[in-house]
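Reading through the structure tokens given below for one structure.
The values are calculated or read from the model by the stated rules, or taken from the named source; none is laboratory data. Keep in mind that what you see is a predicted model, and the values were worked out from it rather than measured. FYI the Cβ positions are ideal-geometry reconstructions off the backbone, even for glycines, and counts take in every protein chain you see. The area values use the complete protein model at the heavy-atom level, side chains included, leaving out ligands, DNA and RNA. Shrake-Rupley method; radii C 1.70, N 1.55, O 1.52, S 1.80 Å.
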Amino acid sequence: MPENENYREIEITVFRYNPQDKDSTPEYQTYTLTETPGMTLYIALIQIWSKMDHDLSFDFVCRAGICGSCSMVVNGKPRLACKTRTNEFEDGKITLLPLPAFKHIKDLSVDTGNWMNAMSKKLESWIHTQEETDLSRIEKPVDPEVADEVFELDRCIECGICLASCSTKIMRDDFVGAVGLNRTARFSIDPHDQRTDEDFYELIGDENGVFGCMSLMGCEDHCPKNLPLQTKIAYMRRKMVKVK
């Protein structure tokens, strides 16, 4: 690499632990590497893995902030590694930990997939309708404003950051979190779904659902897609309190 005064040495400290290995103990390991222009945490971790420590475990798929796989705790805050630049940290010291609230696999890897799948089934996250689908006919039109509202909520990438930011989720394992309540709001708004407020109440009308949220804003503050999570949780809470 050519000499350049703009390049600096950074230190990345990573939580290391393999719960599958009985001889493994939780510890921190620090890696020193040269920061390059535009470097993200994803790029830094790939460099560590490929040049320094092939045993380091972390998750990634898209590298574009779409899949949500690379979510982790960065200097105390849950973020996406692929969207976090190392030059955001003036002192060049970065500490990485796995997301809380999910099953720990190894090092920075956690199992968000099985949790999201179980949540989706629990909240019956699919269109409920008595109408038969006729592919030979044009789908019923939807008001553009309603369609935009549904598409906005569909931007959730299920990264788990809202859950890692949620005090209720840390205390209550069965809490569906902002991601689950956002999902429910999406189907409540969708005119294709024929469920009533009473039907949704059966899914989220308890302390593990919409009434468990303490409105501390951690989910919305850290959502990488800037979704209106607290607005939609409040929307669903207002609907649920009216159910008799």
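Data table
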item	result
Å³ per residue enclosed by the Cα convex hull of segment 1-98	108
Rounded tilt (10° steps) of 113-122 against the dominant C-alpha axis of the chain	10
Hydrodynamic radius of segment 38-141 per Kirkwood, over alpha carbon pairs, in Å	16.4
Percent breakdown of C-alpha pair distances by 5 Å bin, ordered from the shortest bin, for segment 132-180	4, 17, 17, 12, 14, 11, 10, 9, 5, 2
Rh by Kirkwood over Cα pairs, then Stokes-Einstein D for segment 136-244 at 1.567 mPa s and 4 °C, µm²/s	90
Degrees between helix 229-241 axis and first principal axis of the chain (Cα, 0 to 90, nearest 10)	30
Largest-first principal axis extents, alpha carbons of segment 82-200, Å	59, 32, 24
Estimated distance in nm for a label pair at Asn114 and Ala64, the labels positioned 7 Å out from Cα along Cα-to-Cβ	3.0
Kirkwood-type radius of segment 44-98, with distances r between different C-alpha atoms, in Å	11.9
Cα-centred dipole magnitude for the chain, charges only on beta-carbon of K, R (+1) and D, E (-1), debye, nearest 20	340
Kirkwood hydrodynamic radius of the chain, from inverse mean 1/r over distinct Cα pairs, in Å	20.0
Accessible area in square angstrom per residue, the chain, 1.4 angstrom probe	57
Cross-link table Lys51/Lys122; Lys51/Lys83; Lys169/Lys242; Lys22/Lys83; Lys140/Lys169, entries beyond 31 Å C-alpha to C-alpha	Lys51/Lys122; Lys22/Lys83; Lys140/Lys169
Taking segment 1-122 and dividing mean pair separation by its residue count, relative contact order in percent (alpha carbons under 8 Å, at least six apart)	28
Relative contact order for segment 168-244, counting Cα pairs under 8 Å that sit 6 or more residues apart, in percent	37
Gained length - Ile105 relative to Asp174, 0.36 nm times residue gap less alpha-carbon distance	22.9 nm
Share of carbon and sulfur in the accessible heavy-atom surface of segment 66-148 [1.4 Å probe, %]	50
Top positive-direction residue, dipole computed over the chain with Cβ charges, set Gln20, Val176, Leu108	Val176
Tilt relative to the chain, helix 144-153 - C-alpha long axis, 0 to 90 degrees, to 10	40
Ordering of 121-133, 190-202 by burial proxy (mean other Cβ atoms within 10 Å per residue, highest first)	190-202, 121-133
Semi-axes of the equivalent ellipsoid for segment 80-147, Cα gyration tensor, largest first, Å	42, 20, 9
Stretch gain in nm, segment Ile189-Lys22, where the contour uses 0.36 nm per residue and the Cα spacing is subtracted	55.3 nm
